[in-house]
Amino acid sequence: MLFELLIVICAGLVFGSFVTCASYRLPLEIDVIKKPSYCPNCQIKLGFKDLFPVLSWIFSGRKCRHCATKISVRYPLIELATAGVFTFLYLRYGITIQSIILAAASVMLMVMIVADLEHFIIPDCVHLTLLPLALFYRYIDGTFSPDILWGFLLMLGLGLFLHYGYSHLRGRSMLGYGDVKFFAIVGVWLDLSAIPMFLLFAGVLGVVLGLIWRMMGKGPVFPFGPALAISLFICLTYPEVVNLMYLINYYR
């Protein structure tokens, strides 16, 4: 088990490095796959010893070896956070097909969170990756049914209603188009019975994160994507919490 855990942590750090790259490049429409890693300041291609997750940041003195520009702490923090998510999934589910799919989904959710926080953008690549993962997960989980289409349409309609309805009433958007697309993807990931709790979690987290955003002096407009991503992750990994509402109604 210890050896497996170490492998999982290392995998999390490696994929965390991918998250740092993708969340920076995708909003700027820079190729993620073909273009090699480089310093954003001096544009010099990074070597093998520059690319070790966390360790390269520490041993380089938190600076680029070529131009001495300070390297943001975002890189090790994202790598460690992704490793933490991978570790959580391993401890909860072990190494299974479901946990591997959830790990892949969590990588895209991390990309979504960071990109939305830094650029107010949820890259289309996130939606295009999460959709087939959702279908595969529902198939493996034994919950693949026609209700998936109804969930997709319900959440897409709700997202569009919140986008256009709020814009009409307040003169500004409550949800961006990226959030609307993510709503539709959530309808594929989750059973219809789980959607109310997802909306509840998203609303509460949105308020909390919005208050923190304003306390940090970031302005009145804040990205809603992180709240949506975290809420989906909670609903997927704690289905017993999602069904709490129905247990309460059952015992009333």
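Descriptive notes on the structure:
- Annotation: lysines with alpha-carbon distance below 27 angstrom to Lys35 (same-chain offsets under eight excluded): Lys45, Lys49, Lys63, Lys70.
- Spin-label model, Trp150/Ser60: points 7 Å from Cα along the beta carbon direction are separated by 5.2 nm.
- Degrees between helix 225-237 axis and first principal axis of the chain (Cα, 0 to 90, nearest 10): 70 degrees
- Here the gap between Ile7 and Val32, fully extended at 0.36 nm per residue and compared with their Cα-Cα distance, gives a gain of 6.6 nm.
- One decimal place: the segment Ile95-Asp141 gains 15.1 nm when fully extended, by the rule 0.36 nm per residue minus the C-alpha distance.
- Against the set [x] 19.6; [y] 17.5; [z] 18.8, the structure's computed Kirkwood radius over Cα pairs in Å falls on [x].
- Using alpha-carbon coordinates, inclination of helix 147-170 to the longest axis of the chain, degrees: 80 degrees
- Relative to the longest principal axis of the Cα atoms of the chain, helix 2-25 runs at roughly 90 degrees.
- Working from Cα pairs under 8 Å separated by at least six residues, relative contact order for the chain is 17 percent.
- Carbon and sulfur %, accessible surface of region 75-154 computed with the full protein complex present, 1.4 Å: 75 percent
- Value of D in µm² per second that Stokes-Einstein yields for region 72-148, Kirkwood Rh from Cα pairs, at 20 °C (1.002 mPa s): 157 µm²/s
- Taking the Cα atoms of region 38-184, the ratio Rg/Rh between the radius of gyration and the Kirkwood radius comes to 1.08.
- 26 Å Cα-Cα reach of Lys181 towards lysines, excluding residues that sit fewer than 8 places from it in its own chain: Lys218
- Residue-span extension gain [Lys49 to Leu128] - 0.36 nm each, minus C-alpha spacing: 25.2 nm
- Under DSSP loop assignment and at most 16 Cβ neighbours within 10 Å, longest chymotrypsin sites (Phe, Trp or Tyr not before Pro)-free interval of the chain: 1-119
- log10 of Debye I(q)/I(0), alpha-carbon scatterers only, for region 1-64 at 0.20 Å⁻¹: -0.89
The values are calculated or read from the model by the stated rules, or taken from the named source; none is laboratory data. Not measured: the values here are computed from a predicted model. Please note: Cβ atoms are built from the backbone with ideal geometry, for glycine as well, and neighbour counts cover all protein chains shown. The area values use the complete protein model at the heavy-atom level, side chains included, leaving out ligands, DNA and RNA. Shrake-Rupley method; radii C 1.70, N 1.55, O 1.52, S 1.80 Å.
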